[in-house]
Amino acid sequence: MMNSMNVPSKRSTLERKLDKLILTLFGTLFTMCLIGAIGSGVFIDRKYYFLGLSKSVEDQFNPNRRFLVVLLTMLTLLTLYSTIIPISLYVSIEMVKFIQSTQFINKDLNMYHAETDTPALARTSNLNEELGQVEYIFSDKTGTLTRNLMEFFKCTIGGEIYGTGMTEIERGVAERKGIKVQEVPTSINSVREKGFNFDDVRLMRGAWRNEPNPEACKEFFRCLAICHTVLPEGDESPEKIKYQAASPDEAALVLAAKHFGYFFYRRTPTMIYVRESHVERMGKIQDVSYEILNVLEFNSTRKRQSVVCRYPDGRLVLYCKGADTVIYERLVGGSDDLKKVTREHLEKFGSAGLRTLCLAYKDLAPDVYESWNEKFIQAKSSLRDRERKLDEVAELIEKDLILIGATAIEDKLQEGVPDCIETLSRAGIKIWVLTGDKMETAINIAYACNLLNNEMKQFIISSETDAIREVEERGDQVEIARFIKEEVKKQLKKCLDEAQQYFHGVSGPKLALIIDGKCLMYALDPSLRIMLLNLSLNCSSVVCCRVSPLQKAQVTSLVKKGARKITLSIGDGANDVSMIQAAHIGVGISGLEGMQAVMASDFAIAQFRFLKDLLLVHGRWSYIRLCKVVTYFFYKNLTFTLTQFWFTFYTGFSGQRFYDDWFQSLYNVIFTALPVIIVGLFDKDVSSSLSKRYPELYKEGIKNMFFKWRVVAIWAFFAVYQSLVFYYFVTVSSSTSQGSSGKMFGLWDVSTMAFTCVVVTVNLRLLMICNSITRWHYISVGGSIVAWFLFIFLYSGIMTPYDRQVSG
């Protein structure tokens, strides 16, 4: 709840700018009507005797009531010029967007993931064109850049590292340094299972009994087997059992306990049953039941999980596992060597790109536990602020812990992530990774997926400095907060000054910012926020480590509102929902962490690499197509209305129609409707493969090249110029013309010719702005022009006593 946000209503930037264009058209309409109305008030005079402006004339033409003349003419002209407002534009745009989403994005085989049978899904059609203007991408790491297939890989117990494998990240680091990587041979007894990729003969098959710290190993394995909320399914045998866990990490840890000889096989509301091997002597197996007294659940604020259990012999133990920063704050004094060695091991694991958790325990005295349990029950039964009270009670017992060791879990990168990030960077898109992992893990993952490289100048703002640790050890929270804020301010200022020097240089290196959650908390303070924004906007890549879901959303909002750039957030879990909702566009990965992210998103894809197609292909095409649809609509309506406006000057500003009512009604509905929809669906300047091969083309969308006011002004110029040509060419050429009966051409003859010019020209003009012309273009444009000629042939051929030409 602490990390939740209100669900926003999202509209695209193009739609908001379209609203301004419509308001501009309303202003133009009002100006045109005002000119006509004032002209009418000035023109009305009895000296024009041939107009028959006698004393009994109606109010709209009464020279004695000029103000009323102006007012009534204004209303008349409003209805006459109302065609300048493209009401059908919104219908056409919605139709185009809907088809783009359902037929093009949802059915694109390049974004179909065969392994999980998951196609791309556009959950809204409002933001199609926004995909073509994204400048900042905010990405989660686990399950988004990585596969979220957690495998127990290494561990440290009692100051000793176990596990012999080498991660993808370690290989990448070695290659960057030019070191030849030698494969470590796997042992004969190594066990491989989905979720367990650990190899070290010192721990397997009971060999841990011969280690210098067997008691620590015991506590380590029991912590893995007991401190969790996993549910076992199926047969109670190690080979057939399945574990249902809230996260893949937790399942991997329980699986590791099974392979180390502590097989968790049954759970009831109050008991956990573990089959323990090799504990008292090699080869002996015994079933042990542990009574679960309390579960202090994991959440994004606590960053830890604890279980209070009672052994069969009555021993009370609290087992705790969580992030190293959180566990270290709660350790008992002493054992400094173990803490120091374990911290070094954690940094080593982080450098290898592994996800780490610290394990600790504490023996509880029965009277201490009973006293605490009363407070816990009160907090649990509280109806107000229940979560806060439970956290406060947990703090009372989760202290003076004894460090056991730490686990290291590998989460491999998804296929195609490095190539996708490199391509998006070439397109001018800046990518930020917001993760809850350790700084070393995040940095190495960033290297592995081409987000960081050795050519970049890296600014690192971390709370893991000796000065900050020294202040934290004193325990004065007010002093800690003040000191860290001052340190963050100094670091930001120093980095910003350095960044400005590089930024103003001719060919300086690209910049990258790495900041951890504790420093970020103070950097997001209103007094430092602008400094953080200025620094981060100068960086090509930003990595935020150890951040909470709320901080992810705050960082996204900072760039969205502060930089006024189009942002996209992508994530796969419930902890990414706030970030997804905060950005202009939210993309959910339909992965292993449920569907919360997808349900909160605007678009859903199965793999991060599909962003390349979603943005560079569909986003860019949609943006260019919809810009053309909007500007063309503006042009064709303005052209049509202005011919009527020029005619007003030759009718004494009386409000006389130039066109027949049917012409005006069918202009947007039939004679110019279909071609513009075809352009909105099929127009493309380059193929999808070329869009991805030359991602620099995407920068046109970031700069909004196709929907600037300058572009609108050019289309307006063409509309004014062409409408003048249509009106004056037709009226002047028809001034001495005669029909077959010898009569001069009347108003309806001239206006029909002018309307023919308008329909033919605006349809052919549409073909001129197309980058690719298909048979659908020819059919729609040709069909619209033919439809006009068929209509006028039939309409002119049907003579009735009520026909204007006849009755006139």
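Among the residues making up the range 304-316, a single one is within 13 Å of Val274 (Cβ to Cβ) and open to solvent by 40 Å² or more (accessible area, probe 1.4 Å): Pro312. Looking only at residues of the range 167-221 that are among the hydrophobic types (A, V, I, L, M, F, W, C) and modelled with pLDDT under 75, we find that the one that is nearest to Val288 (Cα to Cα) is Val191.
All conditions in (1) over 31 Å from the mean Cα position of the chain (by Cα); (2) under 26 Å from Gln500 (Cβ atoms) hold for Ser425, with the sole exception of (1).
Restricting attention to the range 461-499 and to residues that are open to solvent by 60 Å² or more (accessible area, probe 1.4 Å) and not in a helix (DSSP H, G or I), the residue that is nearest to Lys339 (Cα to Cα) turns out to be Glu464.
Annotation note: Cβ proximity below 7 Å between a residue of the range 745-772 that is within 23 Å of Val630 (Cα to Cα) and a residue that is open to solvent by 40 Å² or more (accessible area, probe 1.4 Å) and part of a loop (DSSP other than H, G, I, E, B) (sequence gap 6+ or interchain) occurs for Leu767/Ile773; Asn771/Lys684; Asn771/Asp685; Ser772/Lys684.
A search for C-beta distances below 7 Å between a residue of the range 114-127 that is closer than 18 Å to Ile580 by Cβ and any residue that is basic (Lys, Arg) and in a loop (DSSP other than H, G, I, E, B), counting only pairs 6+ apart in sequence or on different chains, returns Asn126/Lys10; Asn126/Arg11; Leu127/Lys10. The residues of the range 420-448 that are within 20 Å of Asp572 (Cα to Cα) and of a type in the set (Ser, Thr, Tyr), listed by number, are Thr435, Thr441. Among residues of the range 196-209 that are farther than 12 Å from Ala256 by Cβ, those with a Cβ under 6 angstrom from a residue that is open to solvent by less than 10 Å² (accessible area, probe 1.4 Å) and of a type in the set (A, V, I, L, M, F, W, C), sequence gap 6+ or separate chain, pair up as Trp208/Cys217.
How many residues, within the range 109-126, are farther than 25 Å from Asn197 by Cα and not in a strand (DSSP E or B)? Before the answer, list the steps.
First, pick out the residues of the range 109-126 that are farther than 25 Å from Asn197 by Cα: 109-114, 117-126.
Those still in the list that are not in a strand (DSSP E or B) too: 109-112, 114, 117, 119-120, 123-126.
Residues that pass the stated criteria total 12.
Are any of the residues in the range 450-460 outside the structural domain of Thr301 (by the TED database), over 28 Å from the mean Cα position of the chain (by Cα) and either crowded, with 16+ Cβ neighbours inside 10 Å or in a helix (DSSP H, G or I) (or both)? No - not one qualifying residue is present in the range 450-460. Checking Tyr319, Tyr265 one by one, the residue that is assigned to a strand (DSSP E or B), in contact with a helix residue (DSSP H, G or I) (Cβ under 6 Å, 6 or more places away or on another chain) and open to solvent by less than 60 Å² (accessible area, probe 1.4 Å) is Tyr319 and no other.
Each row is one residue, and each column tells you yes or no for (1) surrounded by 22 or more Cβ atoms within 10 Å (Cβ to Cβ); (2) under 14 Å from the mean Cα position of the chain (by Cα).
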| residue | (1), (2) |
| --- | --- |
| Asn106 | no, no |
| Ala114 | no, no |
| Asp117 | no, no |
| Arg123 | no, yes |
| Leu131 | yes, yes |
| Cys155 | yes, no |
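Answer with yes or no whether Leu80 is under 30 Å from Ala606 (Cβ atoms) and either in contact with a Gly (Cβ under 8 Å, 6 or more places away or on another chain) or at pLDDT 90 or above (or both).
no
Within the range 546-595, being among the polar types (S, T, N, Q), under 11 Å from the mean Cα position of the chain (by Cα) and in a helix (DSSP H, G or I) holds for Thr556, Ser578, Gln581. List the number of the failed condition for Asn704; all other conditions in (1) in contact (Cβ under 8 Å) with a residue 40 or more places away in the chain; (2) part of a helix (DSSP H, G or I) hold. Among (1) in contact (Cβ under 8 Å) with a residue 40 or more places away in the chain; (2) part of a helix (DSSP H, G or I), Asn704 violates only (2). When every residue of the range 193-204 is checked against the conditions, at least one turns out to be among the polar types (S, T, N, Q) and within 25 Å of Lys412 (Cβ to Cβ).
Is it true that Thr325 is under 17 Å from Cys358 (Cα atoms), out of contact with any strand residue (DSSP E or B) (no Cβ under 8 Å at 6 or more places or on another chain), open to solvent by 20 Å² or more (accessible area, probe 1.4 Å) and in a loop (DSSP other than H, G, I, E, B)? Give the steps one after another, and end with the answer.
Values: under 17 Å from Cys358 (Cα atoms): yes; out of contact with any strand residue (DSSP E or B) (no Cβ under 8 Å at 6 or more places or on another chain): yes; open to solvent by 20 Å² or more (accessible area, probe 1.4 Å): yes; in a loop (DSSP other than H, G, I, E, B): no.
The answer is no for Thr325.
Determine, yes or no, whether Ser688 is in contact (Cβ under 8 Å) with a residue 40 or more places away in the chain and either of a type in the set (Ser, Thr, Tyr) or more than 30 Å from Val760 (Cα to Cα) (or both). Show your work before the answer.
Details: in contact (Cβ under 8 Å) with a residue 40 or more places away in the chain: yes; either of a type in the set (Ser, Thr, Tyr) or more than 30 Å from Val760 (Cα to Cα) (or both): yes.
Criteria met by Ser688.
Each residue in the range 559-596 was checked for being out of contact with any helix residue (DSSP H, G or I) (no Cβ under 6 Å at 6 or more places or on another chain), free of Cβ contacts under 8 Å to residues at least 60 places away in the same chain and aliphatic (A, V, I, L, M), and 2 of them qualify. Condition first: open to solvent by less than 10 Å² (accessible area, probe 1.4 Å), assigned to a strand (DSSP E or B) and in contact with a Phe, Trp or Tyr (Cβ under 6 Å, 6 or more places away or on another chain). Now tell me which residues in the range 417-433 satisfy that. If the condition is that a residue be open to solvent by less than 10 Å² (accessible area, probe 1.4 Å), assigned to a strand (DSSP E or B) and in contact with a Phe, Trp or Tyr (Cβ under 6 Å, 6 or more places away or on another chain), then Trp432 is the only one that fits.
Has the range 716-724 got at least one residue that is within 30 Å of Ile798 (Cα to Cα), at pLDDT 90 or above and either assigned to a helix (DSSP H, G or I) or among the β-branched types (Val, Ile, Thr) (or both)? Break it down stepwise before answering.
To start, the set of residues in the range 716-724 that are within 30 Å of Ile798 (Cα to Cα) comprises 723.
Checking which are at pLDDT 90 or above leaves us with 723.
So of that shortlist, the ones also either assigned to a helix (DSSP H, G or I) or among the β-branched types (Val, Ile, Thr) (or both) come out as 723.
The answer is yes; a qualifying residue exists.
Yes/no per residue for (1) modelled with pLDDT of 90 or more; (2) assigned to a loop (DSSP other than H, G, I, E, B); (3) in contact with a Pro (Cβ under 9 Å, 6 or more places away or on another chain); (4) surrounded by fewer than 19 Cβ atoms within 10 Å (Cβ to Cβ):
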residue	(1), (2), (3), (4)
Leu18	yes, no, no, no
Phe30	yes, no, no, yes
Leu34	yes, no, no, yes
Gln60	no, no, no, yes
Asn64	no, yes, no, yes
Val70	no, no, no, no
Ser92	yes, no, yes, no
Val96	yes, no, no, no
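Condition check: among the hydroxyl-bearing types (Ser, Thr, Tyr) and open to solvent by 50 Å² or more (accessible area, probe 1.4 Å). Does Tyr502 satisfy that? Yes, satisfied.
The values are calculated or read from the model by the stated rules, or taken from the named source; none is laboratory data. Computed from a predicted model, the values in this text were never measured in an experiment. Methodologically, a virtual Cβ is constructed for each residue, glycine included, from the backbone with ideal geometry; neighbour enumeration extends over all protein chains shown. The protein model used for the area step is the full one, side chains on, heavy atoms only, and it has no ligands, DNA or RNA in it. Shrake-Rupley method; radii C 1.70, N 1.55, O 1.52, S 1.80 Å.
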